[in-house]
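Novice: Structure provided below as structure tokens; questions to follow.
Just so you know, all these numbers are worked out from the coordinates, no wet-lab data involved. As the structure is a computational prediction, the values presented were derived from the model and not from experiment. Backbone-built Cβ (ideal geometry, glycine too); neighbour counts: all protein chains shown.
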Amino acid sequence: MISIKNRIRTSVTALAVGASLLVAPSASAEPVLAVTTGPVFNDPNSTDASARGRILSHLAGLVDGAESGSTIRISLYLFHSVYLANKLGDAHKRGVTVQVVVDADSRSTGLETLKTRLADPAGSPGSWVRTCKPEEACLALDPGTTAADPNGTYDNVNHNKFFLFSRTKGKGDVFVDDVVVQGSGNLTSQDTDDWWNDALTVVGNTELFAAYTRYADDLAAAAAGQAPQVADYAHDTQAGKAKVYFFPRSSTDTVVNILATVAPVATPDSCTGNSAGFGTPDGRTKIRIAQGHITRTEVARKLWELAQAGCDIEIVYRSLDNWTADDTPMGQVANWLTRPVTGKGRITLHQLDNDKRGGSDSHTKYLLVEGTYNGGPDKKIVFTGSHTYTTTALKYNDETLLKYEDTPVFDAYVKNFEAQRAAALAGL
């Protein structure tokens, strides 16, 4: 578990709501559409509590705006928030079905509050909380005894962080359907105050929503012992601008496959050919990664091969688990990411907190591709979700990775990447 350093923050005095805000809008006022497609990011280094709590506030608004008779589904590793538990309890009481699947590591006052509130018989009869078996994921098969874990006590988990709303108006007054929120963070104070996190909301994509709903139902059934665990859950779904990948995967590395689609790595300078404004100034594909953990050698090697092919790669990270205590490279991952590159390509590493020097952590798990992808130039694609670049996340955890191709969404992620990079450079 990550050690969290005490941080001195400037207290922010809450201002009273202005009288003008208490006046009901006139009948001629335009309806407010508050729930739209796009990302939300927290800022763990801000002295403003609202900036640190943007994602939690966003989720609370969606819960408050859920229509009676609708359904909220959540799959999460850690549920600690008493605040959101009570929001969900209020939704349940007004007739919203609330269904939550959590990992057994989620032991907290917030979760107990949620269980108590959802047990209220005055609310929706379909509401419940289901928990995975201890030291196991819900749907992903427990690997048992392996060479890396000879005692068979490998602690794989439901590492998901997604929220599904069948119908909500959020903080506005226009209802929308089929809302997916794919996050990188849990409902803990650490995720708000110490770690960089993101949450991508996709609205009205019925096919995407249906794919997430099927996965949520499978997680719930496995948690209840109504369906068997699986070693491979290869249910990729392309849905317009979006594509979702679910885990575990036993026979292929999804991230390696994605990186292999960026450019034919056997051809020198195959990362070139983009128009002005895409990638580097000279038109080479640029890859940005903000990721807490990179331990899969195959991913590191593929990134180096892309750099060899001319791609420009920047990585903000918390730790490479096979670096020495004094942060010198020793293992395969670190060696691939620091290996010299010939030609124009390069890999640049920016480290946030590594449990030693203090500062904020990158808890995001996103990959940004700007340039060539799948044989075409001038792409701007976001891959985000709960999936870290570890063997556990690939083979043994319940995880989700969401691809989204959209310029405004991509540009927002680039801005967040630059903020994390600046924090790394400043030691924040």
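Novice: Hey, can you grab everything whose amide H is under 5 Å from the amide H of Asp406? Only 5+ residues off in sequence or another chain; H modelled, so Pro and N-termini drop out.
Specialist: Val382
Novice: Less than 13 Å apart at the alpha-carbon level, and either on another chain or at least 8 residues along: which aspartates and glutamates does that give for Lys415?
Specialist: Those aspartates and glutamates meeting the cut-off are Asp43, Asp198.
Novice: Let me ask another. Dipole of the stretch 160-267, Cα-centred, from +1 at each Lys and Arg C-beta and -1 at each Asp and Glu C-beta, to the nearest 20 debye?
Specialist: 220
Novice: Could I ask something else about it? Charges at C-beta only: +1 for Lys and Arg, -1 for Asp and Glu. How large is the resulting dipole of the chain about its Cα centre, in Debye rounded to 20?
Specialist: 400
Novice: Right, here's the next one. How many percent of DSSP beta bridges within the chain run antiparallel, rounded to 5?
Specialist: Rounded to the nearest five, the antiparallel share is 60 percent.
Novice: Regarding the chain, what whole-number volume in Å³ per residue does the convex hull of its Cα atoms give? Working shown, then result.
Specialist: On the way: hull volume 69.4 nm³, N = 428.
Cα-based convex hull of the chain, divided per residue, equals 162 Å³.
Novice: Also: From the residues Ala227, Val265, Gly359, which one has its Cα farthest along the dipole of the chain in the positive direction, the dipole being from +1 and -1 charges on Cβ of Lys/Arg and Asp/Glu about the Cα centre?
Specialist: Of the candidates, Gly359 comes out farthest on the positive side.
Novice: Name the residues of the stretch 249-292 whose amide N is less than 17 Å from a point 7 angstrom out from the Cα of Ala234 along the C-beta direction?
Specialist: Under cut-off, by backbone N: 249-261.
Novice: Could I have the simple spin-label model distance between Asn374 and Val82, label points 7 Å from Cα toward Cβ, reported in nm to one decimal?
Specialist: Going by the 7 Å Cα→Cβ label model, 4.7 nm.
Novice: Could you check the spin-label model distance between Ala260 and Ser189? Points 7 Å from the Cα along Cα→Cβ, value in nm.
Specialist: With each label point 7 Å from Cα toward Cβ, the separation is 4.6 nm.
Novice: Next question, about the same structure. Hey, can you grab everything whose amide H is under 5 Å from the amide H of Ala34? Only 5+ residues off in sequence or another chain; H modelled, so Pro and N-termini drop out.
Specialist: Gly172, Asp173, Val174
Novice: Pairs of alpha-carbon atoms within less than 8 angstrom and 6+ residues apart define the contacts here; what relative contact order does the chain have, in percent? Present the calculation step by step, with values, prior to reporting the outcome.
Specialist: Values: 1027 pairs, mean separation 69.0, N = 428.
Relative CO of the chain lands at 16 percent.
Novice: Suppose the chain between Ala221 and Thr338 were pulled fully straight at 0.36 nm per residue; how much longer would it get relative to their current alpha carbon spacing?
Specialist: 37.7 nm
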